[in-house]
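Since the structure comes first, as structure tokens, the remarks are kept for the end.
Derivation of every value follows stated rules applied to the coordinates shown; laboratory data play no part. Since we're looking at a predicted model, the values are computed, not measured.
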Amino acid sequence: MHFSESKAHPRPVVTDFESGAKAAGSVLWNGWKDGVTGIVKEPRAGYKRHGILGAAAGSLMATVNVVMKPGLSSLSSITWLGRGVDASVRNVLEKYKKEGRHLSPKIFDVTSSLSTGSNEETQNENHRDVSSAAKIAANISGFHPKVCQHIIDEFEKIKAEHERHMASSSTKKKYRTVSFSNNNKTRRSSSLDARANS
């Protein structure tokens, strides 16, 4: 049951940061406006369609919408702003590509922000700690080699912990079986002794 008289707002088209910012502002404004004006519009529309019960249902919906619409529009505006940033970056990258210019992969490398000689030495030392598997994973995934090495190290820790757990649980099973069979032997011998005494 929908009592609102308002029509859906047109979906914005984002082509750059400016259009993303406009879309964010528009979504934010419409969410707040619809939430606040719905306090009057929803019950009125419900009353026109279904009388007193419709007005009560419209009032309930308006009460929920007065909180939900502004909150959701605030989150949605962040999304539209992010889409604007993404579109602007894509436009710049496309422009560079058309001009035949190439971006250095070091732009996205956090450790390359300082280009001093001592920093290069530190980078070389850091790359010595990275395995060849991490370097291959970095080339395939696009992640920094140290990130890939960290993932591999964490996986190895989990694997070793799992193997220790499996080894300890199989050892516990052996001890349980042995103690269980010893208990049966003890019970059998004590029941045989009880029969012999009677």
Check your understanding: Dividing the Cα convex hull volume of segment 47-105 by residue count, how many Å³ per residue is that?
Key -> 106
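For segment 1-101, what ratio Rg/Rh do Cα atoms give with a Kirkwood hydrodynamic radius? Numbers along the way, then the final one.
Numbers: Rg = 19.0 Å, Rh = 15.3 Å.
Answer for segment 1-101: 1.24.
Contour minus end-to-end for H9 and S141, with contour as 0.36 nm per residue of separation and end-to-end as the Cα-Cα distance?
Here the answer is 43.6 nm.
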